[in-house]
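**Student:** Below you will find the structure I want to go over with you.
The values are calculated or read from the model by the stated rules, or taken from the named source; none is laboratory data. Worth saying up front: this structure is predicted, and the values here are computed from it rather than measured. Don't worry about glycine lacking a Cβ; one is built from the backbone with ideal geometry, like all the others, and counts go over all protein chains shown. Note: areas computed on protein heavy atoms with side chains; ligands, DNA, RNA excluded. Shrake-Rupley method; radii C 1.70, N 1.55, O 1.52, S 1.80 Å.
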Amino acid sequence: MRGLRKIAAIGAVSTLALGGLAACGSDDSGSGDSSEGSVYYLNFKPEQEEVWKDVAAAYKEETGVDVKIVTAASGTYEQVLKTELAKSDGPTLFNINGPIGYRTWQDYTLDLTDEEFTQHLSDPTMAVTGEDDKIYGVPFATEGYGIIYNDAIMQQYFEMDGAKASSIDEINNFDTLKAVTDDMQAKKDDLGLDGVFASTSLAPGEEWRFQTHLANYPVFYEFRDEGVDDASELKGTYGDNYQDIFDLYLTNSTVDPNLTSSVTVTDSMAEFAMGKAAMVQNGNWGWSQISEVSGNTVAEEDVHFLPIYMGVDGEEDAGIAIGTENFLSVNSQASEADQQASIDFANWLFTSEAGTKMASEDLGFIAPFDTFTDLAPSDPLGKEVVEYMNNDDLYTVNWVFTVFPSQDFKNGLGEHLAQYAAGNVEWSDVMTYMTDQWNAEKAAN
């Protein structure tokens, strides 16, 4: 794998690791004097809420320390965080969205440079640092996303007369992906499908798969051409490619494009889980949504990743998108007791035997700490992320959306995508917004 540091031994490398161990040392039950403090973690991922509560219960049983878990609804994290941090009893642990998030929340982020669990990061350069080079945000899980597919359905298609491919290995570029999915859509009744792709979720707050994750692709390739990690001016070089893959999702979908503004991510994942769709764009975190759907018909061994192709030269060598979006921070304005309690909780989760086991097996983290050497995710999508990370024959599509100008920028892009899907604006309007708004916000900052 090129573009991300290979992690063979620990099964993970790069980007979203949760902060550091307490400076005064740690053991399996945490460290420091947090007996008078408590922990309040504002969770970013709704699909992991129940697991986080299980983790909190296990920690309290072992240490006696309360861990409060609050989960922001999809697409509302920044606003909820703003509201909660203004309270005297606000979150003691929260996520920031990379360097852009740090710029917004730096008045609330504690220096974690010397904390012990920070010292266990496999790649400390992935942490979020300030101008003083101190660490204020720690990555806690490397993740990956692409096109999730149901292999049982794909095998059924490959055996049909006139199939445009005979195996999944032949689908390694946009032209083949389009030929296959167009043909599958035409034969959807014979395949027992409502559509090839699960519905494109463009309801307000539910558009993140397309205004963030899919939008990452044209920006990644433009940055790669320019040899940069960020840019004050976005040219939109790969805007047509962005349109091509988005159109493919819309036209070969389970629902009419006009209905996408009312669809949620949960709706989309349920369609895939129940066998109504053969493919869905999402990440390894989506496994819980697939496996826990009532009426789920997809076997675990049939759930796999396919890279997202959009017609870029050389994309036959592309892997899935791997990186991190959120970094753990400790609230610098919380009481010292709560700060210590929060650090101790992070210590336990990322260094103790019980904590690392839950982080790996229950939360599904591919955690970039040297304490996870013998641990790997047990779910099929997590396993494939690790495989892609260690595949030197493929390049990684890095997560560059962490430098997108703001959440408002992404929300506006989502609104334009929804209007485009409904036929109310042209694609040129989408790209004009994307480039002009990017350039204006970058100039303002």
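**Student:** For region 250-295, what D do you get in µm² per second when you plug the Kirkwood radius from alpha-carbon pairs into Stokes-Einstein at 25 °C and 0.890 mPa s?
**Tutor:** Translational diffusion coefficient: 221 µm²/s.
**Student:** In addition: Hey, could you grab the Kirkwood Rh for region 301-445? Inverse mean 1/r over distinct alpha carbon pairs, Å, one decimal.
**Tutor:** Answer for region 301-445: a Kirkwood hydrodynamic radius of 19.1 Å.
**Student:** Per residue of region 295-306, in order, report the coupling 6.51 cos²θ - 1.76 cosθ + 1.60 (Karplus, θ = phi - 60°) as ³J(HN,Hα) in whole Hz, putting x for Gly and Pro.
**Tutor:** Those phi angles translate into x, 4, 10, 8, 6, 3, 6, 9, 9, 9, 9, 10 Hz.
**Student:** Can you work out the Karplus-derived ³J(HN,Hα) for every residue in region 385-398? Use 6.51 cos²θ - 1.76 cosθ + 1.60 with θ = phi - 60°, whole Hz, and x for glycine or proline.
**Tutor:** 4, 4, 4, 5, 4, 9, 9, 6, 7, 10, 8, 8, 8, 6
**Student:** Now a separate question. Starting from region 189-271, pick out the trypsin sites (Lys or Arg not before Pro) whose DSSP state is loop and whose Cβ has at most 12 other Cβ atoms within 10 Å.
**Tutor:** Sparse-neighbourhood loop trypsin sites (Lys or Arg not before Pro): none present.
**Student:** On to the next question. Give me the Kirkwood hydrodynamic radius of region 75-181 in Å, from all C-alpha pairs, to one decimal place?
**Tutor:** Kirkwood hydrodynamic radius for region 75-181: 18.0 Å.
**Student:** For Ser253, Ser335, give me the order by solvent-accessible area with a 1.4 Å probe, most accessible first, ignoring ligands, DNA and RNA.
**Tutor:** Reading off the accessible areas and sorting them downward yields Ser335, Ser253.
**Student:** Which one, Ala299, Phe44, Leu381, projects farthest toward the positive side of the charge dipole computed for the chain from Cβ point charges (K/R +1, D/E -1)?
**Tutor:** Farthest towards the positive end: Phe44.
**Student:** Place a label point 7 angstrom from the Cα of Ser428 along the Cα-to-Cβ direction, then list the residues of region 219-248 whose backbone nitrogen is under 19 Å away.
**Tutor:** 235-244, 247
**Student:** Determine the equivalent ellipsoid of region 374-428 by diagonalising the alpha-carbon gyration tensor, then write out the semi-axes as square roots of 5 times the eigenvalues, largest first, rounded to whole Å.
**Tutor:** 35, 14, 13
**Student:** Given R₀ = 56 Å, what would the calculated FRET efficiency be for Val228 paired with Asp374, taking r from the Cβ atoms and rounding to 0.05?
**Tutor:** My answer for the efficiency is 0.90.
**Student:** What Kirkwood Rh does region 188-289 have if only Cα atoms enter the pairwise 1/r average? Answer in Å.
**Tutor:** 14.7
**Student:** Moving on. Select from region 402-445 those GluC sites (Glu not before Pro) which occupy a DSSP coil region and have at most 16 other Cβ atoms within 10 Å, ordered by residue number.
**Tutor:** Glu426
**Student:** Follow-up question, since we're still on this one. So which GluC sites (Glu not before Pro) in region 84-156 pass both tests, a DSSP loop state and at most 14 other Cβ atoms within 10 Å of the Cβ?
**Tutor:** Those that pass, being in a loop and sparsely packed, are Glu131.
**Student:** Ranked from the most accessible area to the least, with a 1.4 Å probe and all protein chains present, what is the order of Ser201, Ser38?
**Tutor:** If we order Ser201, Ser38 from most to least accessible, we get Ser38, Ser201.
**Student:** Rounded to the nearest 20 Debye, what is the dipole magnitude of the chain about its Cα centre when Lys and Arg each give +1 and Asp and Glu each give -1 at the C-beta?
**Tutor:** The dipole magnitude comes to about 560 debye.
**Student:** Continuing with the same structure: In terms of modelled amide H atoms, which long-range or inter-chain residues lie less than 5 Å from the amide H of Thr71?
**Tutor:** Amide H to amide H, under 5 Å and 5 or more residues apart or across chains, Thr71 pairs with Asn43.
**Student:** In whole angstrom, note down how far apart the Cα centers of region 371-401 and region 102-147 are.
**Tutor:** Taking the Cα centre of each part, region 371-401 and region 102-147 sit 20 Å apart.
**Student:** With a 1.4 Å probe and all protein chains kept in place, how much accessible area does Glu78 have, in Å² rounded to the nearest 10?
**Tutor:** 60
**Student:** If you count only protein heavy atoms and use a 1.4 Å probe, how large is the accessible surface of Asp362, to the nearest 10 Å²?
**Tutor:** 80
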